[in-house]
1. For region 170-295, just say rounded, prolate or oblate: build the C-alpha gyration tensor, square-root its eigenvalues into a ≥ b ≥ c, call rounded for a/c under 1.5, and beyond that prolate if a/b exceeds b/c, oblate if not.
2. Compute the Cα gyration tensor for region 471-558, then decide on rounded, prolate or oblate, letting a ≥ b ≥ c be the square roots of its eigenvalues: rounded whenever a/c is under 1.5, prolate when a/b is larger than b/c in the other cases, and oblate in all that remain.
3. With a cut-off of 8 Å between alpha carbons and a minimum separation of six or more residues, what is the relative contact order of region 165-224 in percent?
4. For region 424-508, which GluC sites (Glu not before Pro) are both in a DSSP coil and crowded by at most 11 other Cβ atoms within 10 Å?
5. Could you work out the relative contact order of region 197-286? I mean the mean sequence separation of Cα pairs under 8 Å and 6+ apart, divided by the number of residues, in percent.
6. Within region 197-252, list the trypsin sites (Lys or Arg not before Pro) lying in a DSSP loop whose Cβ has at most 13 other Cβ atoms in a 10 Å radius.
7. Within 10 Å of each candidate Cβ there may be at most 15 other Cβ atoms; applying that plus a DSSP loop requirement, which GluC sites (Glu not before Pro) in region 218-302 survive?
8. Take every Cα pair under 8 Å in region 469-609 that's 6+ residues apart, average their separations, divide by the length, and report that relative contact order as a whole percent.
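The numbers here are math on the coordinates, done by the rules we state, and not lab data. If you're wondering where the values come from, they're calculated on a predicted model, not measured in any experiment. Here the Cβ positions follow ideal geometry from the backbone for every residue, glycine too, while neighbour counts run over all protein chains shown.
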Amino acid sequence: MPDIIQLLPDSIANQIAAGEVVQRPASAVKELLENAVDAGATQVKLIIKDAGKVLIQVIDNGAGMSETDARMSLERHATSKIRKTEDLFTLRTMGFRGEALASIAAVSQMELKTRPAEREIGTLIFVEGSEVRRQEPVATEVGTSISVRNLFYNIPARRNFLKSNPVEVRHINEEFQRVVLAHPQIGFSFYINDDAEYDLLPGKLSQRIVSVFGKSYQQQLAPCQEETDLVKLHGYVGRPEAARKTRGEQFIFVNNRFIRSNYLNHAVMSAFEGLIGEGSFPFYVLFIEIDPRHIDVNIHPTKTEIKFDDDRSIYGVVLAAVRQALGTHNLSPAIDFNEDVNIVTKLERATSDQTREIYFDERFQHHLHRTNLEHWETLLEAGKGSRLTQDQARQPVRELKFESAVNLPETSGPVPDRWLVQLEGRYILRQVRSGLMFVDQQAAHERILFEKNLQRLVLKTGESQQSLFPQTVELAPADFALALEMAPEIRALGFRFEVFGRNSFVVEGIPAHVTPGREKALFEGLVEQFKDNQATLSLPIRENLALALARRAGIRHGQMLQKEEMSTIVDQLMACKTPNFTPDGKPTFFIFEFGKIETYFNRQSAQRP
Ligand code: ADP
Ligand code: MG
């Protein structure tokens, strides 16, 4: 056999890697701004046209690059910021992976102009999809100017995926705000299609906050300060009376790097407990300084997530500092876990006392419990064509062990040697006696899981698997209330969770049949999907919940399936009460009958002269 493995050409490898770093114009903006900051600029200008889709330009007066460095900066893993592995732990600069410029250059037409102070003449490089098209000396100011044109011009799918201009501008604006708040000592300006959006003078943090968010912030800022052996914290929180109804304008920086942390956000919110109403969000900009040895920022290429080795202490420091700032650390009540838990039990009791009217019949239960195997196909053939009668469909088949295709069945029995293939990662094609059966894998699995979930809900048999790492889930107040209300049902599905302070749950277990590892996303998704269903379908609560979980945990289009998995799906679908349709009425399968195929060929021959 000849050798078949080859290295990808650089341009393709770069394009693939680029997708991780550059997801949208805002990610390019972030990287370019951070590079300017790292280069020691005191003045940085950002220009975008057409929401960054046509142009993103960042001009700085920083250190600039020599001719060789300019060329090197476009190589993947080329960085002036780390030399050896130890440096990774003492990181102070924003960038460090040396991927940003290479990634951006892989998916755009990029022009780089740069000059270090000690050279008379600068360098111009023009790259297009990782190919250097031109490099020449150029007269230019000290510093660097990078223009990124037509982002994703060579990846149409990516480009089409971009959102409307206002949405993309909003993302860019968010990244801009994060960078300028972290560096108030640097002057920044921002132009959108030639109009000045911001012109921020260098100054103190408080001045920067006011010039970014407006004069009204002058009165509402309460300074925050705290220092322990482990961390230093400083920043501002908004006074409770100024809290807004929408989230946003909440910033936490660790060593000057913006991070997202529900955990630390929770600490801040706890300090506000009792001071602001339900559904209000206070303003805050907090900076945490910590020895880089105690954190790990290298867990995601876009670097907004971070791990602390002692996150409890940091939680405590944040909570204390914000309480102090609010001047109410004696007044604001501590989180009362007991009280919250009581709410759940009360609700639970109330719901279980109610009589439950449900869409459920005995036959259904009976049907799902039988495990003896009779072949559905015989029954299918008995009925004509693709429509099974209710009774045929209700015939039992073997119970199979798995639901989510990722967990392979341990023993699914021998797969009959029948023609069975996956088409386009979407459809399962299966030969049946009357023709060829086309099954929509996603729709089918939705139907299967729906019926199983519903059964679990009704019989309260939802088994749970304990999560290795319990995760906290913070919900919008309305969603939190909704989830609380449905807590008994959600538990019946197999979730284990408890109230964890204001608007949060800690999820400790998920249904046994779901692939672990995405607890938080699954729980949030469940609530989201439930609301979604509520808006579009009028289903009773349980049906809705069963469907919500089916949609979130089911096999999707695009998922490659093993032969056993395909076979199981078809069998399980045929075992469903209503196999022909998804719970919201979309077809799950049809059969292309031989008779029909025949007519195609006959027609052909009939046309022959
Ligand atoms: P990283 O920032 O992770 O090092 P980048 O791909 O963003 O990786 O940049 C690669 C290198 O190019 C940087 O390490 C730096 O030496 C140089 N560089 C990038 N942008 C600038 C700039 N605006 N001014 C000076 N040097 C820059
Ligand atoms: Mg960088």
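1. On the way: a/c = 1.73, a/b = 1.21, b/c = 1.43.
In terms of gyration-tensor shape, oblate.
2. Taking the square roots of the gyration eigenvalues as a ≥ b ≥ c, region 471-558 is oblate.
3. So the answer I get is 22 percent.
4. For GluC sites (Glu not before Pro) across region 424-508 that sit outside H, G, I, E and B with at most 11 neighbouring Cβ atoms in 10 Å, the list reads 424, 463.
5. Result for region 197-286 is 30 percent.
6. Hits after loop and neighbour filter: 204, 215, 245, 247.
7. In loop regions of region 218-302 (DSSP not H, G, I, E or B), the sparsely surrounded GluC sites (Glu not before Pro) are 278.
8. 16 percent
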